[in-house]
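Take a look at the structure set out below.
The values are calculated or read from the model by the stated rules, or taken from the named source; none is laboratory data. Predicted model only: the values in this text are computed from it and were never measured. Cβ coordinates were reconstructed from backbone atoms using ideal geometry, including for glycine residues, and neighbour counts include every protein chain displayed.
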Ligand code: SF4
């Protein structure tokens with residue numbers, strides 16, 4: 001499973017604490033009862049939002065975090081999604097949301113390889129769901145990673161146009177446990193372009209290293 005690094009870090013640190021492990025177990029139990037992929041993805045996103053509230057409702061976080069609709073500073077990085085999240089995003093495209101399919105294909109060529117992805121010129125590795133003004137066009141259904149990749153301080157610290165720099169991430173450990181459960185549950189997961197492309201039945205030939 002391609003668990004996002006932040007969720008894995010939280011799980012590794014907190015799995016021995018019953019309060020946190022319980023979140024993973026409960027989530028897995030609930031996911032097993034739902035047969036529809038879109039419903040599962042939305043349940044995960046709803047739970048993350050509920051746990052995020054505990055963190056993001058703090059006055060200092062409200063004041064100092066730039067992360068909101070319209071900020072796209074982190075939307076030029078690799079985002080891991082589950083197959084359920086890929087289905088949810090593909091649904092928007094199948095329902096008429098226009099995307100640049102040629103650019104999607106070129107992003108799919110990077111597969112799940114970070115080095116290949118970051119070798120793509122900055123402007124060409126913008127998420128296929130960003131609009132020209134830099135807003136997310138699937139904000140309500142954005143993946144778990146996009147909901148937990150939040151920072152304190154200026155958005156410029158998330159800019160990967162010149163380098164990949166460490167950012168002052170806001171810790172969201174309970175939401176990370178939910179994300180971890182969703183990746184545990186998912187049969188497949190991977191980078192957003194790769195997974196969404198697959199869900200849209202787009203095929204590209206990925207060269208072996
Ligand atoms: S899905 Fe939305 S929030 Fe996530 S990387 Fe793409 S544009 Fe940004």
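Yes or no: residue 106 at pLDDT 90 or above, buried (at least 20 other Cβ atoms within 10 Å of the Cβ) and within 15 Å of residue 195 (Cα to Cα)?
Values: at pLDDT 90 or above: yes; buried (at least 20 other Cβ atoms within 10 Å of the Cβ): no; within 15 Å of residue 195 (Cα to Cα): yes.
Judged against the criteria, residue 106 is not a match.
Give 16, 29 a once-over and let me know the one that is at pLDDT 90 or above, surrounded by fewer than 19 Cβ atoms within 10 Å (Cβ to Cβ) and not in a helix (DSSP H, G or I). Don't jump to the end; show me each part of the working.
On the way: 29 fails: not in a helix (DSSP H, G or I).
Matching residue, one of 16, 29: 16.
Quick test for you: out of 150, 86, 90, pick the one residue that is within 14 Å of the ligand (Cβ to nearest atom), surrounded by 16 or more Cβ atoms within 10 Å (Cβ to Cβ) and over 13 Å from the mean Cα position of the chain (by Cα). If you could, list the steps in order and put the result at the bottom.
Values: 150 fails: over 13 Å from the mean Cα position of the chain (by Cα); 86 fails: over 13 Å from the mean Cα position of the chain (by Cα).
From the options 150, 86, 90, the qualifying one is 90.
Hey, residue 127 hits all of (1) part of a loop (DSSP other than H, G, I, E, B); (2) more than 12 Å from the ligand (Cβ to nearest atom); (3) closer than 26 Å to residue 42 by Cα but one; which does it fall short on?
The failed condition is (2).
When the stretch 107-120 is examined, which residues are found to be within 16 Å of the ligand (Cβ to nearest atom) and touching a helix residue (DSSP H, G or I) at 6+ places or on another chain (Cβ under 8 Å)?
Quick first cut of the stretch 107-120, residues within 16 Å of the ligand (Cβ to nearest atom) only: 107-108, 110, 112, 114, 117-118, 120.
Scanning the stretch 107-120 gives 107, 108, 110, 112, 117, 118, 120.
Table: residues versus (1) within 27 Å of residue 31 (Cα to Cα); (2) over 16 Å from the mean Cα position of the chain (by Cα); (3) free of Cβ contacts under 8 Å to residues at least 12 places away in the same chain; (4) in a loop (DSSP other than H, G, I, E, B).
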| position | (1), (2), (3), (4) |
| --- | --- |
| 74 | no, no, no, yes |
| 105 | no, yes, no, no |
| 110 | no, yes, no, yes |
| 116 | no, yes, yes, no |
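Residue 72 fails exactly one of the following numbered conditions: (1) more than 14 Å from the ligand (Cβ to nearest atom); (2) modelled with pLDDT under 90. What is the number of that condition?
Of the numbered conditions (1) more than 14 Å from the ligand (Cβ to nearest atom); (2) modelled with pLDDT under 90, the odd one out for residue 72 is (1).
Tell me, please, whether a residue that is buried (at least 16 other Cβ atoms within 10 Å of the Cβ), part of a loop (DSSP other than H, G, I, E, B) and within 16 Å of the ligand (Cβ to nearest atom) can be found in the stretch 180-187.
Filtering the stretch 180-187 down to residues buried (at least 16 other Cβ atoms within 10 Å of the Cβ) leaves 180-186.
Filter once more, so that each one left must be part of a loop (DSSP other than H, G, I, E, B): 186.
When the remaining residues are screened for being within 16 Å of the ligand (Cβ to nearest atom), the result is none.
Within the stretch 180-187 (the criterion being buried (at least 16 other Cβ atoms within 10 Å of the Cβ), part of a loop (DSSP other than H, G, I, E, B) and within 16 Å of the ligand (Cβ to nearest atom)), the answer is no, since none of the residues qualifies.
Can you tell me which of (1) in a helix (DSSP H, G or I); (2) in contact (Cβ under 8 Å) with a residue 24 or more places away in the chain; (3) within 13 Å of the ligand (Cβ to nearest atom) is the one residue 140 doesn't meet?
Of the numbered conditions (1) in a helix (DSSP H, G or I); (2) in contact (Cβ under 8 Å) with a residue 24 or more places away in the chain; (3) within 13 Å of the ligand (Cβ to nearest atom), the odd one out for residue 140 is (2).
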